[in-house]
Amino acid sequence: MDMGLRWYGPGYDSVSLEQIRQIPGVKGVITTLYGKQPGELWERSEIHALKETAKQEGLRVLGIESVNVSDAIKTGGSKRDEHLQNYIQTLENLAEEGIFLVCYNFMPVFDWTRSELARVRPDGSTVLAYHQAVIDRIDPKRMRESIEEMSDGFVMPGWEPERLDRLEELFSLYREIDGETLFKNLVYFLKAIGPVCERYGIRMGLHPDDPAWPIFGLPRIITGKESILRILKAVDRPYNGLTFCTGSLGSNPDNDLTDIIRACRGRIPFAHVRNLKYNSPGDFEEAAHLSSDGSLDMYEIMKALYETGFDGVIRPDHGRMIWGEKAMPGYGLYDRALGAVYLEGLWEALEKAGKSG
């Protein structure tokens, strides 16, 4: 298991590589070419420069999150094959630079959704939160104004201004796309990239939908055990894997997270591990990684990963804003550093117990 931290790249992240390097146990970063639009080609020289930036600080690029899938691919639009060729060439360029893990999602329009970016918790920290009643009152076509008010000047991944400017166009693209069509387009995508993935040993980690149910009338197709196993079976090849995200799957308390891990044994190359607290149906907030601070059992989750032979990359996911830090909501330094060390401690205990047992 390799512990990493998500880093958005030069000019986009308030957390520096020097700071990340000082977190015990963190071996590298999960990063991206943040300025690239979905469907664009990532040049090998750009990837090399990003990798060298991390290397100069003593860190490896453990994987990419994300090479975003364009809406043309998701909807089967006129530019699908052009964008697929760019995606395939991008994967080849990443592999030539020694990067073999790619996280992506197939969510329509919005990568993830929250109703609050800074809900105040009893300890004074602030967290990302979701309340279905609030979401139901939001006009998605006016989402840009809502995000700008909440994000305190930070550009949020999946909510970039240029994307929010196209919301009316994007909703029209998905007007005739139901869950089955979206699923078929995901299969088409996975089969198209299969040859390059198998040639280089690339592992693709499909990120679950967040939250794990349809929103704004848009379909969601990766929401729990049944839908995950369906896509893993539809393209039953080692390169087609799951990014196991405890927060996304855990947004629905009916999802048994450890059961999903065991059902997907050998098909999880990447894990996002974070905690959240259920308040009432449709109302949850993110919490510190410590099990007792939220509703998820981090020990049992890490134990299931360990017992199924997980050998991929883990990163602590969204953290609280603590100690007066000003950063991209969910992606500050302090609480994610605490989370990384806590998860490392659980893994060390599991390893030592396994050896002594």
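Whenever a residue of the stretch 312-324 is closer than 15 Å to residue 14 by Cα and in a strand (DSSP E or B), its partners that are polar (S, T, N, Q) and open to solvent by 20 Å² or more (accessible area, probe 1.4 Å), lying with C-beta atoms within less than 7 angstrom and at least six residues away or across chains, give the pairs 321/126. Of everything in the stretch 46-70, what is surrounded by 17 or more Cβ atoms within 10 Å (Cβ to Cβ) and over 15 Å from residue 8 (Cα atoms)? Give them in sequence order. Selection gives 69, 70. In the stretch 32-141, which helices (runs of 4 or more DSSP H) lie fully inside it and hold 3 or more residues that are within 27 Å of residue 333 (Cα to Cα) and polar (S, T, N, Q)? Once the helices (runs of 4 or more DSSP H) in the stretch 32-141 are filtered for at least 3 residues that are within 27 Å of residue 333 (Cα to Cα) and polar (S, T, N, Q), nothing remains.
Identify all residues within the stretch 78-110 that are open to solvent by 20 Å² or more (accessible area, probe 1.4 Å) and modelled with pLDDT under 95; write none if there are none. Result: 78, single match.
Listed here are the residues, each with its yes/no results for (1) more than 19 Å from the chain's Cα centre (by Cα); (2) buried (at least 21 other Cβ atoms within 10 Å of the Cβ); (3) among the polar types (S, T, N, Q).
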{"position": "4", "(1), (2), (3)": "no, yes, no"}
{"position": "9", "(1), (2), (3)": "no, no, no"}
{"position": "16", "(1), (2), (3)": "yes, no, yes"}
{"position": "37", "(1), (2), (3)": "no, no, yes"}
{"position": "40", "(1), (2), (3)": "yes, no, no"}
{"position": "44", "(1), (2), (3)": "yes, no, no"}
{"position": "72", "(1), (2), (3)": "yes, no, no"}
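Of the numbered criteria (1) in a loop (DSSP other than H, G, I, E, B); (2) closer than 29 Å to residue 134 by Cα, the one residue 309 fails is (2).
A quick yes/no check of all residues on (1) of a type in the set (S, T, N, Q); (2) within 16 Å of residue 130 (Cα to Cα):
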| residue | (1), (2) |
| --- | --- |
| 210 | no, yes |
| 215 | no, yes |
| 222 | no, no |
| 238 | no, no |
| 243 | yes, no |
| 249 | no, yes |
| 263 | no, no |
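Give me the residue from the stretch 284-310 that is charged (D, E, K, R) and more than 14 Å from residue 250 (Cβ to Cβ) and, out of that set, surrounded by the fewest Cβ atoms within 10 Å (Cβ to Cβ). Ranking the qualifying residues of the stretch 284-310, first place goes to 307. Inside the stretch 321-340, residues that are touching a Pro at 6+ places or on another chain (Cβ under 6 Å) and surrounded by fewer than 21 Cβ atoms within 10 Å (Cβ to Cβ) make up a count of 0. Among the residues of the stretch 325-357, those that are assigned to a helix (DSSP H, G or I), small (Gly, Ala, Ser) and closer than 21 Å to residue 7 by Cα comprise 337, 339, 340. When the stretch 207-232 is limited to residues that are in contact with a Lys or Arg (Cβ under 8 Å, 6 or more places away or on another chain) and hydrophobic (A, V, I, L, M, F, W, C), the one that is most open to solvent (accessible area, probe 1.4 Å) turns out to be 213.
The values are calculated or read from the model by the stated rules, or taken from the named source; none is laboratory data. None of the values given here were measured: they were computed from a predicted structure. Reconstructed Cβ throughout: ideal geometry from the backbone, glycine too, with neighbour counts over all protein chains shown. The protein model used for the area step is the full one, side chains on, heavy atoms only, and it has no ligands, DNA or RNA in it. Shrake-Rupley method; radii C 1.70, N 1.55, O 1.52, S 1.80 Å.
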